[in-house]
Amino acid sequence: MTPSLTLQYLYRVNLTPIDDLLAAYYRDGGVIISGLLTLDQVARFDAEISSALSKTNTGNESSSENMKTFHGSNTKRLTYMTSISETFRKDILDHDLVHELTQKTLSKGLNIANYWLNSSQIIEIGPGNPAQVLHRDCFYPLIPRYRDSPEVINNFLIALTEYKEGYGATRVIPGSHLWEDFDDLGSIAQTVPAEMEAGDALWICGNVVHGGGGWCKCLEGLPSSGFID
């Protein structure tokens, strides 16, 4: 049985103290970090990716209808940020707080000394695109899916524009990372919107249930540890 929802919003925390970030992250499965990037960094990053993004087609060319639906028919996904953006390489991927948070959370209980970038992509969702299906990022079959299993993946979604419920802010079910049944994905009615300003970041663990909305642009990066590709 799906637990009832009690939290009506995600907590918003400043860059420091880090203990506040970690407390909200472990309790709710996600937290909004105010001002992870400066507006200057956002502008530089946007300028570096704008040409490649303009040449990116919407939708997914996979033969799988499930993948097409998951990615969105009017959604652009621009990948390989490390090869496109200097700002991503120097200011985002090598951000001190990103390193500290991943080091403190990933691989606990595993004999692993480091972590890797699993993927990085711009997600730009166009008008008319339906909300994404609810899912957990930590869905790979080689990972035991239960609430006390080691944490091996988490996700930073960084807003490049105003990111509001009215036009598709990512929706999260707080506390769903602690549910006994990981096949239970809850319902839209249980979700809360992760509303952000440009430069803010939604940091979520791989076990929390969430799904994208429509009419927004965000940067998604998945640092992961262990055997995640």
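The values are calculated or read from the model by the stated rules, or taken from the named source; none is laboratory data. Keep in mind the model is a prediction, meaning the values are calculated, not measured. All Cβ positions, even for glycine, are placed from backbone atoms using ideal geometry, and neighbour counts span all protein chains on display.
Being part of a helix (DSSP H, G or I) and modelled with pLDDT of 95 or more is a property that does not hold for ASP20.
Condition check ((1) farther than 19 Å from HIS177 by Cβ; (2) modelled with pLDDT of 90 or more; (3) in contact with a Cys (Cβ under 7 Å, 6 or more places away or on another chain)) across all residues:
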{"position": "TYR11", "(1), (2), (3)": "no, yes, no"}
{"position": "ASP28", "(1), (2), (3)": "no, yes, no"}
{"position": "LEU37", "(1), (2), (3)": "yes, yes, no"}
{"position": "ALA43", "(1), (2), (3)": "yes, yes, no"}
{"position": "ASP46", "(1), (2), (3)": "yes, yes, no"}
{"position": "SER63", "(1), (2), (3)": "yes, no, no"}
{"position": "ASP94", "(1), (2), (3)": "yes, yes, no"}
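Being of a type in the set (D, E, K, R) and modelled with pLDDT of 90 or more: is that true of ARG147 here? Here the answer is no, as ARG147 does not meet what is asked.
For region 14-61, which residues satisfy the criterion of being of a type in the set (A, V, I, L, M, F, W, C) and closer than 21 Å to VAL172 by Cβ? Across region 14-61, the qualifying residues are LEU15, ILE18, LEU21, LEU22, ALA23, ALA24, VAL31, ILE32, ILE33, LEU36, LEU37. Of THR191, THR170, all but one fail to be crowded, with 21+ Cβ neighbours inside 10 Å and touching a Pro at 6+ places or on another chain (Cβ under 8 Å); the exception is THR170.
Residue by residue, here is whether (1) among the hydrophobic types (A, V, I, L, M, F, W, C); (2) at pLDDT below 85; (3) not in a loop (DSSP other than H, G, I, E, B) holds:
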residue	(1), (2), (3)
LEU101	yes, no, yes
PRO127	no, yes, no
LEU142	yes, yes, no
GLY186	no, no, no
